[in-house]
Each structure stands twice: as C-alpha cells, then as structure tokens.
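The values are calculated or read from the model by the stated rules, or taken from the named source; none is laboratory data. Every value quoted in this text rests on a predicted model; they were computed, and no experiment measured them. Every residue, glycine among them, receives a Cβ derived from its backbone with ideal geometry; neighbour counts consider all protein chains shown. Just the protein is used for accessible areas: all its heavy atoms, side chains included, with ligands, DNA and RNA removed. Shrake-Rupley method; radii C 1.70, N 1.55, O 1.52, S 1.80 Å.
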Amino acid sequence: EDLVRNVSVLLLAILATALALYPVIIGLNGGVLRLSAGLMRSNIELMEVLGSAIAKRDSDTDQHNYRVCLYSIRFVEALGLPENEIRAVIAGAFLHDVGKIDVPCEILNKPGGLDQHEWAVMSSHPVAGVARVEPLRPWLGDALQAVDGHHECWDGSGYPRGIPAGDLPLSTRIVALADAVET
C-alpha cells in the first residue's frame, strides 16, 4: 500500500511539474522559431545585398542571377531533391557570379571579346567569389561550392580548377548547367 501511494505521489509530482513547465517550454520554442525566421530573413537579405552589389556594376548580371536561380529551382524540382539540397542550389545560383565584384569595370563591361590578360582576370571571378562568401560560411556555406565550381565542365576543361563535373556536388552541377543554359 505504501508503494502504491509513493508511486502515485511521484506520478502526480511529475505530472504537476510537466504541466507547470509546459507553457514555459512552448514559450521558449516560440522564441526559437521567431529567431530562426529572423535568421532566415537575414540570410535572404544578405544574398540580395550581395547579388545587387554586382548588379550595380554589371547590368546583365542582375537578371542573369534570377534566371539561373529559376532554372536551378526547376531542375531541383524535377529531380525531387531534399530541402537542404534545394537551399544549397538556390543560394549558389543566386550568388554564383558574386566574384565579378572584383573584376574591373573596363573588363566586365567591355564590348566584344577579351584579350588573354582580360580573360585571366574575368576567369578568376569564381575564386574571388569564394573569398567574398567564405567569411559568411555559417550562413552561406552551402553556396560556396556552386560559387567556386559554376564554370567547371563535364570533361574537366572548365575553370578555375579543371575539375570534371562528375566529381562536383550535385548542387554545383545544377547551378553550372543552369548558368550554361541561361548564358
């Protein structure tokens, strides 16, 4: 009889504690959800700022980034990829040309073809883009691979590293394909 009474008191104490803590836990969870939503908005705003920074220097790039992003989204939808892969593709597609911020305007906006030196500067934009996004790795780390590898080719003839596309992450290959289709 003592055992039943002690177990009953213990269960009532646990129930009372749970009922008392439930509103606190729900409130804390709501706070975490609000903070997460704020971080997501900040992340999107940060991508918009980076994307618009290059758009101000190169009028073609602004619409190009959105089109590459739209093509990439269509590809990931068709492939049925998981949500984390979709986020990586969207961030990478939107920021893939951010390294063009470091390309001088006279090269970036030059009509006609580029000479060998100008081409070397222009083809360095993926590496420059990685350098720009690297400090934001906690938020935009998923975009780094696409920023770096969006000009790599399936046969390894691309730049900046000459990596065969089969060796690149799927998200990077999707952005590279969308970039090539859109160009």
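Contact map, region 36-58: first residue under 16 Å from Asp102 (Cβ atoms), second residue loosely packed, with under 10 Cβ neighbours inside 10 Å, Cβ cut-off under 7 Å, separation 6 or more or different chains; pairs are Arg57/Cys105.
Of the residues Pro160, Pro164, which single one is open to solvent by 30 Å² or more (accessible area, probe 1.4 Å), in contact with a Pro (Cβ under 7 Å, 6 or more places away or on another chain) and farther than 29 Å from Met40 by Cα? Before you say what the answer is, go through the steps one by one.
Numbers: Pro164 fails: in contact with a Pro (Cβ under 7 Å, 6 or more places away or on another chain).
Result: Pro160 is the single residue among Pro160, Pro164 that is open to solvent by 30 Å² or more (accessible area, probe 1.4 Å), in contact with a Pro (Cβ under 7 Å, 6 or more places away or on another chain) and farther than 29 Å from Met40 by Cα.
Quick grid of which residues meet (1) closer than 18 Å to His151 by Cα; (2) modelled with pLDDT of 90 or more; (3) aliphatic (A, V, I, L, M); (4) not in a helix (DSSP H, G or I):
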residue	(1), (2), (3), (4)
Val32	no, yes, yes, no
Leu35	no, yes, yes, no
Gly38	no, no, no, no
Leu46	no, no, yes, no
Ala53	no, no, yes, no
Asp60	yes, no, no, no
Gln63	no, no, no, no
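Taking Arg137, is it free of Cβ contacts under 8 Å to residues at least 24 places away in the same chain and open to solvent by 50 Å² or more (accessible area, probe 1.4 Å)? Reasoning before the result, please.
Numbers: free of Cβ contacts under 8 Å to residues at least 24 places away in the same chain: yes; open to solvent by 50 Å² or more (accessible area, probe 1.4 Å): yes.
Yes: the conditions hold for Arg137.
Would you be able to tell me the number of residues in region 135-183 that are basic (Lys, Arg), in a helix (DSSP H, G or I) and at pLDDT 90 or above? So that I can check it myself, show each step before the final result.
Pass one, region 135-183, residues basic (Lys, Arg): 137, 161, 173.
Of the ones still in play, those that are also in a helix (DSSP H, G or I) are 137, 173.
With at pLDDT 90 or above added as a condition, the list becomes 173.
Counting residues in region 135-183 that are basic (Lys, Arg), in a helix (DSSP H, G or I) and at pLDDT 90 or above gives 1.
Within region 94-133, the residues that satisfy the criterion of being of a type outside the set (A, V, I, L, M), over 14 Å from Gly149 (Cβ atoms) and assigned to a helix (DSSP H, G or I) are Phe94, Lys100, Asp102, Cys105, Glu106, Gln116, His117, Glu118, Trp119, Arg132. Residues in region 1-25 that are loosely packed, with under 10 Cβ neighbours inside 10 Å and either among the hydrophobic types (A, V, I, L, M, F, W, C) or touching a Cys at 6+ places or on another chain (Cβ under 9 Å) (or both): Leu3, Val4, Leu19, Ala20, Val24. Take the conditions (1) more than 16 Å from the chain's Cα centre (by Cα); (2) over 15 Å from Leu70 (Cα atoms); Asp148 misses just one of them, which is (1).
For every residue, the table says whether it meets (1) in contact (Cβ under 8 Å) with a residue 60 or more places away in the chain; (2) under 15 Å from Gly51 (Cα atoms); (3) open to solvent by less than 70 Å² (accessible area, probe 1.4 Å).
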residue	(1), (2), (3)
His64	yes, yes, yes
Arg67	yes, yes, no
Gly80	no, no, yes
Glu83	no, no, no
Arg87	no, no, no
Asp102	no, yes, no
Ile107	no, no, yes
His117	no, no, no
